[in-house]
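Engineer: Got a structure for you, written out below as structure tokens; questions coming shortly.
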Amino acid sequence: MRRKLATGNWKMNGSLAGLDMLADVATAMGSDSAEAVICPPSAYLMPAVTAAQGTSVGIGAQDCHTESKGAFTGDISAPMIKDIGATYVIVGHSERREAHAESDADVARKAQAAWAADLTAIICIGESEADRSAGTTLDVIAKQLAGSLPDGCTGDNTVVAYEPIWAIGTGKIPTLDQIIEVHDFIRAELAKRFGSDVTDALRLLYGGSVKPDNAADIFKVENVDGALIGGASLKAADFVPILKALSAA
Ligand SMILES: O=C[C@H](O)COP(=O)(O)O
């Protein structure tokens, strides 16, 4: 049985005062069997860990370096994220792949760095609008899975987030049939590579314009175990209804 997961990726948004919403998230989750994780900007990671203490809300970073320390101005390492008490790290988000030219191999190395620090890596993949139009979505997904997921994935150390790039922050979402097709495909690809025991335990998140009014339908999809949520994770008024929909799914 996979534990459902809603991860809020604040990207470069939010504020110290905005961390107050963690209390609402904690209240919404209570002792729920589903899990909520917030990934604030690195400047707010430590206060977020403090704010989440004593609650069931997890905290994650939005990226980590491949190395554990060194002369890498502006970066943070997986051991640092672990050191302050966070438990997750997003790697390979399409915004980092694009703006920082991160390759599948870079993403795989970041995932390995996360595992070495005992963090769970949320590994992001997803096709562009051009890929979708060209009918190559599944080829692109297969290539990203092969290149971005290191050997040694387990249900504990890895979560896979499928985020069609064209759906991120646009208000456009794939049809349910498109989500079903890609998530079924991902599960099947993972089973081929890692075996069914690992794959049955591995959570697959959908990301891209998840909102309170579409979350319930998305969460009904069999191979969707939760969501990676951007804009709608910034305010409790949006995020809490999504958490409720996840718990009810
Ligand atoms: O990491 C989150 C995703 O990029 C989705 O962002 P969004 O919910 O604002 O579309």
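The values are calculated or read from the model by the stated rules, or taken from the named source; none is laboratory data. Treat the numbers as computed from the prediction; the structure is a model and nothing was measured. Because the Cβ atoms are built from the backbone with ideal geometry, glycine has one as well, and the counts that use them run over all protein chains shown. Just the protein is used for accessible areas: all its heavy atoms, side chains included, with ligands, DNA and RNA removed. Shrake-Rupley method; radii C 1.70, N 1.55, O 1.52, S 1.80 Å.
Engineer: In nm, to one decimal, how far is the modelled label at Glu129 from the one at Thr154, with both set 7 Å along Cα→Cβ?
Structural biologist: Those two pseudo-labels are separated by 4.2 nm.
Engineer: Another question, then. Could you pull out every one of the lysines with an alpha carbon less than 28 Å from that of Lys220, ignoring same-chain neighbours closer than 8 positions?
Structural biologist: Lys4, Lys11, Lys143, Lys172, Lys192, Lys211, Lys235, Lys244
Engineer: Can you list residues from other chains, or at least 5 along the same chain, whose modelled amide H is less than 5 Å from the amide H of Gly230?
Structural biologist: Asn9, Gly208, Ser209, Val210
Engineer: Using amide H atoms built in the peptide plane, which far-off residues or other-chain residues are under 5 Å from Ala161 H to H?
Structural biologist: Residues meeting the amide H criterion: Ile123, Cys124, Ile125, Leu205.
Engineer: Follow-up question, since we're still on this one. At a Förster radius of 51 Å, what calculated FRET efficiency corresponds to the Cβ-Cβ distance of Ile180 and Ala71, to the nearest 0.05?
Structural biologist: On the way: r = 46 Å, r/R0 = 0.90.
Result of the calculation: an efficiency of 0.65.
Engineer: What does the accessible area per residue of the chain come to in Å², with a 1.4 Å probe and no ligands, DNA or RNA counted?
Structural biologist: On the way: 10720 Å² over 249 residues.
For the chain, the per-residue accessible area is 43 Å².
Engineer: Which of Met12, Ala99, Tyr206 sits farthest toward the positive end of the charge dipole of region 5-248, with +1 on the Cβ of Lys and Arg and -1 on the Cβ of Asp and Glu?
Structural biologist: Looking along the dipole axis, the top candidate is Met12.
Engineer: Here's something else I'd like to know. If you plug each phi of region 60-71 into the Karplus form 6.51 cos²θ - 1.76 cosθ + 1.60 with θ = phi - 60°, what whole-Hz ³J(HN,Hα) values come out, in order, with x for Gly and Pro?
Structural biologist: Each residue's phi maps through the Karplus curve to give x, 9, 8, 5, 9, 7, 6, 9, 8, 6, x, 7 Hz.
Engineer: So which residue, out of Leu16, Leu119, Leu228, gets the largest mean-square fluctuation from a GNM of the chain using Cα contacts under 10 Å as springs?
Structural biologist: Maximum among the listed residues: Leu16.
Engineer: Please turn the phi angles of region 164-170 into ³J(HN,Hα) values with the Karplus equation 6.51 cos²θ - 1.76 cosθ + 1.60 (θ = phi - 60°), one per residue in order, whole Hz, x for glycine and proline.
Structural biologist: Each residue of region 164-170 in turn: x, 4, 6, 9, 7, x, 10 Hz.
Engineer: Additional query: Percent of accessible area on the chain owned by carbon and sulfur, 1.4 Å probe?
Structural biologist: Numbers: 5660 of 10720 Å².
Carbon plus sulfur share of accessible area: 53 percent.
Engineer: Pull up all non-local amide H partners of Glu35: gap of 5 or more, or a different chain, and H-to-H distance under 5 Å with H placed in the peptide plane.
Structural biologist: Sorted by chain and number, the residues that satisfy this are Lys4, Leu5, Ala6.
Engineer: Follow-up. Okay, helix-only estimate at 222 nm for the chain: each DSSP H run of n ≥ 4 adds -39500 (n - 2.57), divide by all residues, round to 500 deg cm²/dmol; what do you get?
Structural biologist: Helix-only estimate at 222 nm: -12000 deg cm²/dmol.
Engineer: Treating each Cα of region 1-149 as an identical point scatterer and ignoring solvent, apply the Debye formula and state log10 I(q)/I(0) at q = 0.11, 0.20 Å⁻¹.
Structural biologist: Log10 I(q)/I(0), no solvent term: -0.45, -1.23.
Engineer: Another question, then. Which three numbers, in whole Å and largest first, are the semi-axes of the equivalent ellipsoid of the chain derived from its Cα gyration tensor as √(5λ)?
Structural biologist: Numbers: eigenvalues 119, 98, 59 Å².
Semi-axis lengths for the chain are 24, 22, 17 Å.
Engineer: How big is the equivalent ellipsoid of region 187-243 along its three axes, where each semi-axis is √(5λ) from the Cα gyration tensor, reported in whole Å from largest to smallest? Display every interim value, and only then the final one.
Structural biologist: Working: eigenvalues 147, 20, 14 Å².
Largest first, region 187-243 gives 27, 10, 8 Å.
Engineer: At q = 0.11, 0.13, 0.22 Å⁻¹, what log₁₀ I(q)/I(0) does a Debye calculation on the Cα points of region 90-217 give, no solvent, two decimals?
Structural biologist: Each listed q maps to, in turn, -0.35, -0.50, -1.41.
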